[in-house]
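Engineer: Can you read through this structure? Questions will come right after.
The values are calculated or read from the model by the stated rules, or taken from the named source; none is laboratory data. Because the structure is a prediction, the values reported are computed rather than measured. No Cβ is skipped: glycine too gets one built from the backbone with ideal geometry, and neighbour counts run over all protein chains shown. Keep in mind that these areas ignore ligands, DNA and RNA; they rest on the heavy atoms of the full protein, side chains included. Shrake-Rupley method; radii C 1.70, N 1.55, O 1.52, S 1.80 Å.
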Amino acid sequence: MIQWPCLLKLEGDDELIFLASETELTKELESLIASDEDIVIDSVGRAFRMEEDSSPSVTFVAQQHALTLEDITELVRAHEFSLAQVCLTKIQFNSISEAIQALRN
């Protein structure tokens with residue numbers, strides 16, 4: 001089960017999208033062309049691929065390995081670098097949940 005909030009990582013893009021709930025994810029997916037390589041990263045570091053079924057809903061398939069705090073910190077650093085807003089060396093977190101919450105607008 002996904003632990004919200006989450007991040008949406010789009011294939012080939014450093015930008016991360018903060019998602020507070022499954023409802024927000026559904027709204028976001030309505031405006032995107034999703035790829036099989038897009039992933040949702042939950043608050044404990046689990047990664048999920050999204051598979052569309054015959055209905056308009058999405059099924060989440062958990063990946064075998066979870067991301068570490070270091071992995072997620074690197075994703076956040078790449079995200080912030082793409083926005084050119086923050087000094088990257090100052091980006092550090094104590095937990096995965098804290099890293100995800102840092103992207104809440």
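Engineer: Solvent-accessible area per residue for the chain at a 1.4 Å probe radius, Å²? Walk me through the intermediate numbers first.
Structural biologist: Details: 6580 Å² over 105 residues.
Here the residues of the chain average 63 Å² of exposed surface.
Engineer: Stretched out fully, how many nm does the piece from GLU51 to GLU74 gain, at 0.36 nm a residue minus the Cα gap? It would help to have the intermediate numbers written out before the result.
Structural biologist: Numbers: separation 23, 0.36 × 23 = 8.28 nm, distance 2.57 nm.
So the extension gain works out to 5.7 nm.
Engineer: Under the rule that an exposed site lies in a DSSP loop and has at most 16 other Cβ atoms within 10 Å, name the longest stretch of the chain with no GluC sites (Glu not before Pro) of that kind, not counting the sites themselves.
Structural biologist: Working: sites that count: GLU11, GLU15, GLU37.
Formally, the longest exposed-site-free interval is 38-105.
Engineer: When the chain is treated as a GNM, springs tying every alpha-carbon pair under 10 Å, which of VAL58, VAL44, VAL76 comes out with the largest mean-square fluctuation?
Structural biologist: VAL58
Engineer: So for MET50, MET1, what's the accessible-area order with a 1.4 Å probe, most first? Walk me through the numbers before you get to the answer.
Structural biologist: On the way: MET50 20, MET1 185 Å².
Largest accessible area first, the residues go MET1, MET50.
Engineer: Something else: Going toward the positive end of the dipole of the chain, with +1 on Lys and Arg Cβ and -1 on Asp and Glu Cβ, which of SER35, THR68, THR23 do you reach last?
Structural biologist: Looking along the dipole axis, the top candidate is THR68.
Engineer: Also, I was wondering about something else. Per residue of segment 39-49, in order, report the coupling 6.51 cos²θ - 1.76 cosθ + 1.60 (Karplus, θ = phi - 60°) as ³J(HN,Hα) in whole Hz, putting x for Gly and Pro.
Structural biologist: With the stated coefficients, segment 39-49 comes to 9, 9, 10, 8, 5, 10, x, 6, 9, 10, 8 Hz.
Engineer: Suppose every K and R has +1 on its Cβ and every D and E has -1 on its Cβ; what is the size of the dipole of the chain about the Cα centre, in Debye to the nearest 20? Mind showing how you got there, number by number?
Structural biologist: On the way: 7 positive and 20 negative charges, 96 e Å.
Result for the chain is approximately 460 debye, rounded to the nearest 20.
Engineer: Still on this structure, I have one more. Can you give the extra length, in nm with one decimal, that the chain gains between SER31 and HIS65 once fully stretched, where that is 0.36 nm per residue apart less the Cα-Cα distance?
Structural biologist: 9.4 nm
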